[in-house]
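The values are calculated or read from the model by the stated rules, or taken from the named source; none is laboratory data. This is a predicted model, so every value here is computed, not measured. Cβ placement follows ideal geometry from the backbone for every residue including glycine, while neighbour counts extend to all protein chains displayed.
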Amino acid sequence: MRKKYCDQESVFEHIWRNVDRDGLWDGSATTLAEKFRVSEDEMHEVLGELCDGRHVEKLVPGKYMIVKWREPDDDDEEDEQQ
């Protein structure tokens, strides 16, 4: 099987697609390492870079939040105002 490309953009895209309505993602370096077929240490590094860049924030172990998340309802309200 082919190894998925493991960079900040790819990991962030995966997190973005798997967040809940509030922008929260239940996952860890372990689950991402399995998904991207890389070591857990390598994934910790990528997640650390995403946190340092203020793209995601680690709330508690296994729970991350996208920093600039707009709730789906925000989009609907904006459309109505225009």
Show the residue pairs that are 6+ apart or on different chains and have beta-carbon atoms under 6 Å apart, the first residue being within the stretch 18-35 and farther than 11 Å from Ile66 by Cα and of a type in the set (S, T, N, Q), the second being in a helix (DSSP H, G or I) and modelled with pLDDT of 90 or more.
Thr30/Glu40
Just checking: which of the helices (runs of 4 or more DSSP H) contained wholly in the stretch 11-82 hold 1 or more residues that are modelled with pLDDT of 85 or more, surrounded by 10 or more Cβ atoms within 10 Å (Cβ to Cβ) and of a type outside the set (Lys, Arg)?
29-36, 40-52
